[in-house]
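J.: Got a structure for you, questions after.
The values are calculated or read from the model by the stated rules, or taken from the named source; none is laboratory data. Model, not experiment: these values are computed from the prediction. So basically every Cβ, Gly included, is an ideal-geometry build from the backbone, and we count neighbours across all protein chains shown.
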Amino acid sequence: MNHQIVRMLPSFEAAEAARKGLLAEGFDGNGIDINVTSDEAGPAESHFYVGDSPAVKGGTDYKNVYKPADRGDLCVMTVTVADASQVERAKAILEHNGGFDADPAHLPPKQVKT
């Protein structure tokens, strides 16, 4: 049974370092997939960005209101492994290179205050 680990990485360079680390540990290169979340139109998180009116923000300028966050090109890396014993090692290599799990379903449940 195959297991997949999906992580976001902050840049292509970080994704490439993670890929090299995985290969050095013996992971199959055919099971490593990197997708950059930008294209010729720019980073994906900026495609639908709209800012508040400066009046709403207390008169702040464009830099604080409309300019998208400077996050660079995020990369999505999917690592597929056949052996469940490799999952934790793959996660550790990805985390070492800045990888993070962006899936909210994997977050611990929120505590409800009563």
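J.: Pick from region 77-100 the residues that are touching a helix residue (DSSP H, G or I) at 6+ places or on another chain (Cβ under 9 Å) and among the β-branched types (Val, Ile, Thr): which of them is farthest from residue 2 (Cα to Cα)?
T.: Going through the qualifying residues, I end up with 93.
J.: Which of the residues spanning region 1-33 are part of a loop (DSSP other than H, G, I, E, B) and surrounded by fewer than 16 Cβ atoms within 10 Å (Cβ to Cβ)?
T.: Across region 1-33, the qualifying residues are 1, 2, 25, 26, 28.
J.: In the list 63, 67, 110, which residue meets the criterion of being farther than 22 Å from residue 11 by Cα, out of contact with any Cys (no Cβ under 8 Å at 6 or more places or on another chain) and either modelled with pLDDT under 65 or surrounded by 10 or more Cβ atoms within 10 Å (Cβ to Cβ) (or both)?
T.: Answer to the selection: 63.
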